[in-house]
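Heads up, the thing below is written out as structure tokens.
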Amino acid sequence: MISLIALLVVLLSGLAAGLANDGVSGLRAMPATSFAFSKGTITDNAFSRSQTDAQQLAAWREAPGVSHSEPLGVTPAHGTIAGGGQADLTLFGVDPSGFLSPAVSSGDRLSTPGGIVVSETAKAKGFELGTKITLDRTGVELTVVGFTKGQATFGHVNVAYLPLDTWRLIASGAAGAPAPTDPSAYPYASAIAVQATAGSRPDLAAIDEHAGTLSMTKSQAFNASPGYQPETLTLTLIQVFLYAISALVVGAFFTVWTIQRKHEIAVLRAIGASAGYLLRDGIAQAAILLGAFTAAGAGLAVVLGALMPSAAPFSFEPAPIALAMVLTIGLGLAGAAIAVLRITRVDPITALGGNR
């Protein structure tokens, strides 16, 4: 029973972490400390709703406590891969020489107008170095020149980094094939990525007032990814209820266990064992059971997680899995402690009679 509970908790923890990574790993990998959106933007899916201009960017670049500020363009795109395959991408327009330009695990970094660096996970979708993708409606042809280090996704779609100038014309709908280089038709970006000076904490509210923007810290900006907040909130609530149920189930198990040992406990009380000793003994036994079988269930969950299909993202991250195990053991011990309190009410006289 304990192993099955641990299996469920750890599996759900890994799935929650995998779903979160699938939604915002592209943002999480960025060295930005906050993002500024146009004033009045609805925070849900803000990257698709916001539109910042050069004047707002200039205000952020002059703000105290800010080391770097760069425009960031975000647009979902659909296209056709050479050979007939279809692909969905989230286009991240960045300055190729700026701090948002991604490091690569293979290939080249951003440089040419028509080149893109895509998430390493896009390899599973058939992307290779040199793969050409033609975007729907605009007809822009982009070529894969590199792959990021690790996963870079946004809204459960692989990210493709491309030069900001190219992104601007694609976003404006003025682009044609091949990829254009003149961005003057659309001098906007989705947001401003901000990197604070080391050791400083810029007054985001004051800078927003001056620049006419709406700022979010990096973690707050995760909620601006499509569907991120409802997904994570739902899984968090499921986990909370599962932890509560695990404490109740484990507590019920140890209640029955204590009742079944009533006569043995009475004998120990009759020969001089203190209530404190019996409580410590009961909790110690519960801890051994919880520790051993939680570890067994967690190990099985990791194995099953590795076998998960790609459609169900599972992330093996030691911290969330360790936290799930600690909470399972801790809440189980809390339930066990309440259950074994019955030991203090066992009457030693029970040892002299009763059916055995």
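The values are calculated or read from the model by the stated rules, or taken from the named source; none is laboratory data. Model, not experiment: these values are computed from the prediction. Glycine also receives a Cβ, built like all others from the backbone with ideal geometry; neighbour counts cover every protein chain displayed. SASA here: full protein model, heavy atoms, side chains in, ligands and nucleic acids out. Shrake-Rupley method; radii C 1.70, N 1.55, O 1.52, S 1.80 Å.
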Checklist line | Additional length obtainable on full extension of the chain from LEU233 to LYS123, 0.36 nm per residue less Cα span | finding: 36.6 nm
Margin query: For a quick check of understanding: with a 1.4 angstrom probe and all protein chains in place, what accessible area in square angstrom does HIS263 have, to the nearest ten?
Written below: 50
Notebook entry, point to check: Where the Cα atoms of segment 75-158 are projected onto their three principal axes, how long is each span, largest first, in whole Å?
Noted result: 33, 25, 24
Note to self: Compute, for the chain, the length of the dipole vector about the Cα centre, with Cβ point charges of +1 (Lys, Arg) and -1 (Asp, Glu) only. Units Debye, rounded to 20.
What the structure shows: 1440
Margin query: Using +1 at the C-beta of Lys and Arg and -1 at the C-beta of Asp and Glu, which of LEU242, MET216, ILE343 has the Cα lying farthest in the positive direction of the dipole of segment 201-356?
Written below: ILE343
Margin query: Using the crude model of +1 on Lys and Arg Cβ and -1 on Asp and Glu Cβ, and no other charge, please compute the dipole size for segment 213-283 relative to its Cα centre, in debye to 20.
Written below: 220
Note to self: What figure, in Å² to the nearest 10, do you get for the accessible area of LYS132 with a 1.4 Å probe and non-protein molecules left out?
What the structure shows: 80
Margin query: Can you compute the helix-only [θ] at 222 nm over the chain? Use -39500 (n - 2.57) per DSSP H run of at least 4 residues, normalise by all residues, nearest 500 deg cm²/dmol.
Written below: -14500 deg cm²/dmol
Margin query: Between helix 228-260 and the chain, what is the angle of the helix's C-alpha long axis to the longest principal axis, kept within 0 to 90° and rounded to the nearest 10?
Written below: 10
Next item on the list: Please grab the % of Cα pairs in the chain that end up more than 34 Å from each other.
Entry: 44
Notebook entry, point to check: List the aspartates and glutamates whose alpha-carbon lies under 19 Å from that of LYS39, not counting same-chain residues fewer than 8 positions away?
Noted result: ASP53, GLU62, GLU70, ASP203, ASP208, GLU209
